[in-house]
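The values are calculated or read from the model by the stated rules, or taken from the named source; none is laboratory data. Since this is a predicted model, take the numbers as computed values, not measurements. For the accessible areas, the whole protein counts, side chains as well, though only heavy atoms, and no ligand, DNA or RNA atoms are used. Shrake-Rupley method; radii C 1.70, N 1.55, O 1.52, S 1.80 Å.
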Amino acid sequence: GRPAKPFYPICTPYELFSMEENYTLIWKLVDRYSTVEDFRAQVAPLLIYMAKQFQLLPASRFRHHNEPGGLFSHSLHTMVLSLTVSAQLPQDKLPSDPPARPDRLWLQWQQQHLVCAYAHDAGKLETA
């Protein structure tokens, strides 16, 4: 067996946002999202909620992001990757029934990717 990790001090949401890696990832999200205004209105509240809920949770016990707040960092990484992948599909190829305004359709496409990235570990009962 692996030795148990010591207890860690509580990592506040502000501290999570201030960590260099997380700070950089958040700015990558801002850069890749539809507009700064949409980001502030739709994504920023989700990140604040995530930071409050994930402040003590590691992403894994022994592998990547295995520290308090690690699940927050892992989720940010996944969200950035998801938005990067979502940009690979040309906007004029997005399915829409009934037809929607291209800018709103693109925003919905990004929102769907963010929700999937955010929830990709939902229901994970145990982490290794």
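Phi angles of region 50-59 translate, via the Karplus equation with coefficients 6.51, -1.76, 1.60 and θ = phi - 60°, into HN-Hα couplings of 4, 4, 5, 7, 9, 4, 9, 8, x, 7 Hz per residue; Gly and Pro are given as x. Ignoring ligands and nucleic acids, what accessible area does Trp27 show with a 1.4 Å probe (Å², nearest 10)? Counting only protein heavy atoms, the figure is 140 Å².
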